[in-house]
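Undergrad: Sharing a structure with you now.
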Amino acid sequence: MIRKFDSSGAVVCWDSQRVLRQNAESAFASVGKPSLVPAVNHLAALTDAAKAVAGDGGLALPGLPLKYFTLDRSSTGIGVYREIRGTQENEYQFMFSVGLSESGRAVFLKQSPACPLYVGPDAINQLEAVYRESTRYLTASDLTKAVNGLLAACHGVLLRDNGSVYFLPGEFIEQYETVARELVGPRLHCWQVDLTANDKLLTTLHDNVQESLITRMEQRSAEWEELTSRGGKARSDGLQSRFEAMVEDARQIEYYEEFLQVRLDALRGALERQQAMIGMAHMELWQAQTV
């Protein structure tokens, strides 16, 4: 089923950590992909600021660890709680919450009478200073999102379900290594391999290409069936995102059919059925908007 071919590749992984945003943007811009760097994570920066204030304010007591929960999605904010652990359930005692003002400053939103923290000028200035400093950095998880985006654009294929280890086709190794050189702090590893001399890796690549695409399509189908079964109507932005995802699936199928010199008929059939199902809804929505 898998024929030999003359093609290069690499196994890549990385040690993700917090990195200066400016450095990350420069690294990804060096390969023409600055848009892969996620926008400022305000919630993460607010959490850093709340932790700093709570820690310096002595809110964490022995046996009463602090927990940080996001507020309602209608706002950007973090609530700080003391966790009171019990034998049957845990209780959470509200301390204070922080958020963003209309001008974009980090501010205290509410404070419990039980909170011993004095919200005076020092605490207010500390909250804003830590928040501003934190926004200068890309979180480790956001750096991983950026690297994952780069690998997706380069037809990377996940090799391990429980870890960020990917196969990268040889023509994209230079892009990956350029980003690796430009980033200061996080280490991006790359080991070039000869697939023609490694049947096990070749088989794993073949199987994982199919498995990853089938999983994505099955998840998309399940979400679509759940929507239609309860009588829901797809919104235009939802249909557009599904359409773009199917375009990416088609690109991946076509690329690896050429790379592996095989026909991935099962994937093509599954994608065509999904395109017909969602495409019909897209047509109905377009007709309704036209009318």
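The values are calculated or read from the model by the stated rules, or taken from the named source; none is laboratory data. No experiment lies behind these values; they were computed from the predicted model shown. Here the Cβ is made from the backbone with ideal geometry for all residues, glycine too, and neighbour counts use every protein chain on show. We work out accessible area using only protein heavy atoms, side chains counted, and drop any ligands, DNA or RNA first. Shrake-Rupley method; radii C 1.70, N 1.55, O 1.52, S 1.80 Å.
Undergrad: Counting only protein heavy atoms and a 1.4 Å probe, tell me what percentage of the chain's accessible area is made up of carbon and sulfur.
TA: 50
Undergrad: Turning to a different aspect of this structure: If I ignore ligands, DNA and RNA and count only protein heavy atoms, how much of H206 is accessible to a 1.4 Å probe, in Å² to the nearest 10?
TA: In the full protein context, H206 sits at about 0 Å².
Undergrad: Taking the Cα centre of the range 35-127 as origin and charging only Cβ (+1 Lys, Arg; -1 Asp, Glu), how large is the dipole, in debye to the nearest 20?
TA: 60
Undergrad: Percent relative contact order of the chain, based on C-alpha pairs within less than 8 angstrom and at least six residues apart?
TA: It rounds to 27 percent for the chain.
Undergrad: Note down the accessible area of K51, probe 1.4 Å, to the nearest 10 Å².
TA: 100
Undergrad: Mind checking the angle between helix 236-260 and the chain's longest principal axis? C-alpha axes, 0 to 90 degrees, to the nearest 10.
TA: 50
Undergrad: Averaged per residue, what accessible surface does the chain expose to a 1.4 Å probe, in Å²?
TA: Value returned for the chain: 57 Å² of accessible area per residue.
Undergrad: Leaving ligands, DNA and RNA out of it, work out the accessible area of E248 with a 1.4 Å probe and give it in Å² to the nearest 10.
TA: It works out to around 90 Å².
Undergrad: Run lengths n ≥ 4 of DSSP H only: what is the helix-derived mean residue ellipticity at 222 nm for the chain, with -39500 (n - 2.57) per run over all residues, to the nearest 500?
TA: The helix-only estimate for the chain comes to -17000 deg cm²/dmol at 222 nm.
Undergrad: Under a 1.4 angstrom probe, counting protein chains only, how are D249, D161, D48 ranked by accessible area, largest first?
TA: Order by accessible area, largest first: D161, D48, D249.
Undergrad: So for the range 1-152, if I pair up every lysine 8 or more residues apart or on another chain, how many of those pairs have alpha-carbons under 29 Å apart?
TA: Counting lysine pairs in the range 1-152 gives 6.
Undergrad: If you take the Cα atoms of the range 144-265, find Rg, then find the Kirkwood Rh from the mean of 1/r over all pairs, what is Rg/Rh?
TA: So for the range 144-265, dividing Rg by the Kirkwood Rh gives 1.03.
Undergrad: Still on this structure, please answer the following. Over its Cα atoms, what ratio of radius of gyration to 2.2 N^0.38 Å does the range 1-134 give?
TA: Ratio of Rg to 2.2 N^0.38 Å for the range 1-134: 1.49.
Undergrad: Pick from D265, D72, D56: which residue has the top mean-square fluctuation in a GNM of the chain where Cα pairs under 10 Å get a spring?
TA: Maximum fluctuation in the GNM of the chain, among the listed residues, is at D72.
Undergrad: While we're looking at this one, here's another question. Where does helix 42-56 land angle-wise versus the long Cα axis of the chain, in degrees 0 to 90, nearest 10?
TA: Between helix and principal axis, roughly 40 degrees.
Undergrad: Under 5 Å between amide H atoms, partner at least 5 residues away or on a different chain: which partners does L20 have, H built in plane at 1.01 Å?
TA: L138
Undergrad: So what's the projected area for the range 1-79, the Cα convex hull averaged over all directions, in nm²?
TA: In nm², the orientation-averaged hull projection of the range 1-79 is 11.5.
Undergrad: I need the per residue convex hull volume for the chain, using only the alpha carbons, in cubic angstrom as a whole number.
TA: Spelled out: Cα convex hull of the chain, divided by residues, is 216 Å³.
Undergrad: If the cut-off is a Cα-Cα distance under 13 Å, which aspartates and glutamates reach K200, setting aside same-chain residues fewer than 8 apart in sequence?
TA: Result set, ordered by chain and number: empty.
Undergrad: Considering the chain as a Gaussian network with a 10 Å cut-off on Cα pairs, which listed residue, T87, T203, T139, attains the greatest mean-square fluctuation?
TA: Evaluated over the chain, the most mobile residue of the options is T87.
Undergrad: Treating the angle as unsigned and between 0 and 90°, give the value, to the nearest 10°, between the Cα long axis of helix 121-135 and the longest Cα principal axis of the chain.
TA: 10
Undergrad: Do me a favour and compute the ellipsoid semi-axes for the range 107-189 from its Cα gyration tensor, root of five times each eigenvalue, largest one first, whole Å. Provide the component values of the computation, followed by the final result.
TA: Values: eigenvalues 354, 46, 16 Å².
Ellipsoid half-lengths, sorted descending, are 42, 15, 9 Å.
Undergrad: Also, I was wondering about something else. How large is the Kirkwood hydrodynamic radius of the range 57-111, counting all unique pairs of alpha carbons, in Å?
TA: 12.3
Undergrad: Quick one: order I214, I253 from most to least accessible surface, probe 1.4 Å.
TA: I214, I253
Undergrad: With a Cα-only, solvent-free Debye model of the range 167-212, what are the log10 I(q)/I(0) values at q = 0.33 Å⁻¹?
TA: Each listed q corresponds, in turn, to -1.15.
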